[in-house]
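Rule-based calculations on the coordinates, nothing more; no lab input. Computed from a predicted structure; not experimentally measured. Here the Cβ positions follow ideal geometry from the backbone for every residue, glycine too, while neighbour counts run over all protein chains shown.
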Amino acid sequence: MPDRLTARRPSAVVIGGSIAGLFAAAVLAEFADVTVVERDALPEGPEPRRGVPQARHAHLVWSGGVGAFDELLPGLVEELVAKGARLVHIMGDMVSRAPNEIWFRRFTATHHRNLVCSRDLLDAVIRARVLADDRMTLRQNTTALGLEGDAARVTGVRVRTGDEELTLSADLVVDASGRGSHAPRWLTDLGLPQVTEREVNAGVAYATRLYRAPGTSAAGDFPIVNVQANAAKAPGRGGIILPVEGERWIVTLSGTRGGEPGAAPEAFADFALALGDPVIGELIKDAEPLGAVATTRSTANRRRYFEKMRPWPDGFTVLGDAIAGYNPVYGHGLTVAAQCALALRTVLSSASLTAPGTARRVQRAAARPVATAWDLAVGQDAFYPGATATPPTALQRFLARFVDHAVATGARNPRALGALLDVMSLEKPATRLFSPDMLIPMLFGPRKPHLQAPPLTEAERKTAAPH
C-alpha cells in the first residue's frame with residue numbers, strides 16, 4: 001500500500017484566467033496541483049485586460065454571488081470593500097425603473113446587498129488572492145489548442161506558448177475560457193456528439209463612458225440609478241449609473257435593434273436624455289467625462305447543454321460563461337461563475353477528482369445555477385423582435401405576465417420585494433415567486449401607490465449637481 005505522505009497529488013488544468021477560472025482554480029487547489037492556462041498577459045494590478053472587452057461596462061455582483069465569493073475565498077468581500085468597493089442595499093441604495101416602467105420604492109427591509117466596483121478592481125483582488133497559493137502555477141500568453149485523450153477520458157490539454165507546443169497532462173481539465181470556448185469542437189474531435197446549443201439574441205448594443213462623480217460625495221454614497229428597457233416598446237433602451245471607487249461613475253447605455261447607442265462622445269448624453277425617463281441624462285449632461293466611449297455587441301444569451309450529453313468523458317468539465325453567456329443587463333455572469341465553483345467544491349468534497357463519473361457530476365451540478373440565470377434572462381429577451389427563431393409560447397407569455405405582476409407588486413410592497421430579490425439575486429429558485437410572501441401582497445395588498453418619478457432625494461440631486 002503506498003505511503004500516504006508520498007502519494008502523488010492529482011493534477012488539474014484550468015483554461016482561462018478570468019473570474020470563473022480563478023474561482024475554479026481556488027477550489028481545485030484544495031484537491032490537486034493546479035495549472036492555470038491564460039491566453040493573455042495578466043496585469044499586476046487593477047488595470048484593463050485585452051481579453052475582457054466587456055470589463056469596461058457596468059458590473060455588479062448580486063447577493064447570491066456575494067455570499068458565494070466569501071465561501072470560496074473567506075474575507076474577499078471585506079478586502080474589496082477596503083479597497084473601494086461598496087456593498088449596496090437593494091433597493092434602498094438604488095433608484096430603479098423596471099422593464100414595465102414602474103419605479104421601485106426604496107425599501108430597506110430586505111437583507112440583499114450587492115457588491116459594486118469596477119471590473120478591474122474585482123479582477124485584480126481575486127487574481128492576487130488565488131495566484132498567491134503555492135499549489136498554483138500560472139502559464140500566461142499560452143493558448144489552449146485542444147484536448148488529449150479520447151471519448152472516454154480526457155488526459156490533458158495541448159497548448160502553445162510562443163513557438164512551443166506541448167501537452168499538459170491532467171487528471172481533470174476545466175474549461176473556463178468564457179463565451180469564446182472551443183469545447184464543442186474539442187469534444188467532437190474526440191469522437192463525441194455535437195452539444196445542443198440555443199441562442200436568444202435581443203440584439204443589444206452597449207456603450208459605456210466613465211465620468212468624474214459630480215459633487216463632493218456623489219461617488220461614495222450616491223445610489224445606483226437604473227432605467228431598464230421595456231421589451232414591449234422595441235427598440236428597448238436603457239441605462240445605468242454605477243458609482244465606483246476613485247470618485248467615478250461608470251455610465252452604461254444600451255439599446256436593441258434599431259435603437260443602439262453609438263460611440264460618438266457628443267451623442268452619449270443625448271441618448272441618455274431620450275430614454276423612457278431622462279434621469280440618467282440629466283445627471284450626466286454637465287458631468288466631466290473621463291475618456292472615450294467604449295462599445296460592444298457581444299450580448300446574446302447563448303447556452304450549451306453539456307449536462308445533457310451522453311456519453312461524457314471523464315477528466316473534463318466546463319464552467320461559467322463557457323456553458324452559458326447572458327445579456328449583461330441582468331448582471332448574473334459573475335454570480336453564476338462563483339456558484340459554479342461552489343458546485344465543483346460540493347462534488348469534489350464527496351467524490352475523488354480522479355474517479356469515473358466525477359466530471360459528469362460536476363457538469364450536472366454546474367448546470368443548476370446556469371439554468372436559473374438563463375431562464376431569467378431569456379424570459380425577458382425572447383420578447384424582443386428577432387431575438388429567437390420561434391415566437392414565445394403561450395406558457396412563456398403567461399409566465400412573463402406573471403413576472404410583470406410580481407415586479408409591480410414588489411415595487412411597492414417590501415414583503416413581495418424580498419421574494420423578488422431572492423430570485424433575482426440567484427439565492428432561491430423561481431418557485432419563490434409563488435410563495436405567500438409574493439402571492440398575498442399580489443392578491444390582497446396593502447399596496448402603496450406607484451411612484452410617478454425616480455425616487456432621488458433632494459439631497460442626492462443637490463450632491464450630483466455641478467459646483
field: Estimated 222 nm signal from helices in the chain, with DSSP H stretches of n ≥ 4 weighted -39500 (n - 2.57), rounded to 500
entry: -9500 deg cm²/dmol
- prompt: How far, in degrees from 0 to 90, does helix 333-348 lean away from the longest principal axis of the Cα atoms of the chain, to the nearest 10?
  reply: 40 degrees
message: Report, to one decimal in Å, the Kirkwood hydrodynamic radius for segment 17-167 based on all distinct Cα pairs.
response: 17.8 Å
- prompt: Helix 119-131 versus the longest principal axis of the chain: what is the Cα-based angle in degrees, 0 to 90, to the nearest 10?
  reply: 30 degrees
field: Theoretical FRET efficiency, 1/(1+(r/R0)^6), r = Cβ-Cβ of residue 458 and residue 44, R0 41 Å, to 0.05
entry: 0.40
task: Please give the per residue volume of the convex hull enclosing the alpha carbon atoms of segment 62-143, rounded to a whole number of Å³.
output: 142 Å³
query: FRET efficiency for residue 440 and residue 290, Cβ-Cβ distance as r, R0 = 45 Å, nearest 0.05?
result: 0.45
message: Give me the three principal axis extents of segment 291-357 from the C-alpha atoms, as integers in angstrom, largest value leading.
response: 51, 24, 18
- line: With Cα coordinates, the longest principal axis of the chain makes an angle with the long axis of helix 414-424, in degrees rounded to 10, of 30 degrees
About the Cα centre, charge dipole magnitude for the chain (Lys/Arg +1, Asp/Glu -1 at Cβ), debye: 1260 debye
field: Separation between Cα centres of segment 158-230 and segment 57-98, rounded to whole Å
entry: 20 Å
- prompt: Roughly how big is segment 123-200's charge dipole about its Cα centre, with Cβ charges of +1 (Lys, Arg) and -1 (Asp, Glu), in debye to the nearest 20?
  reply: 200 debye
message: If I take all pairs of Cα atoms in the chain, what percentage of them are more than 35 Å from each other?
response: 32 percent
Computed over segment 373-435, Kirkwood Rh from alpha-carbon pairs, angstrom: 12.4 Å
query: Where both partners of a DSSP beta bridge lie in the chain, what percent of those bridges are antiparallel, to the nearest 5?
result: 70 percent
field: Radius, Kirkwood style, for segment 336-421 when every pair of distinct Cα atoms is counted (Å)
entry: 15.6 Å
message: Using the Cα centre of the chain as origin and beta-carbon charges of +1 (Lys, Arg) and -1 (Asp, Glu), tell me which of 384, 350, 440 is placed farthest towards the positive end of the dipole.
response: 440
Cα Rg, Dmax (largest Cα-Cα span) when computed across segment 80-119, Å: 12.0, 37
query: Ratio of Rg to Rh for segment 177-243, alpha carbon only, Kirkwood?
result: 1.22
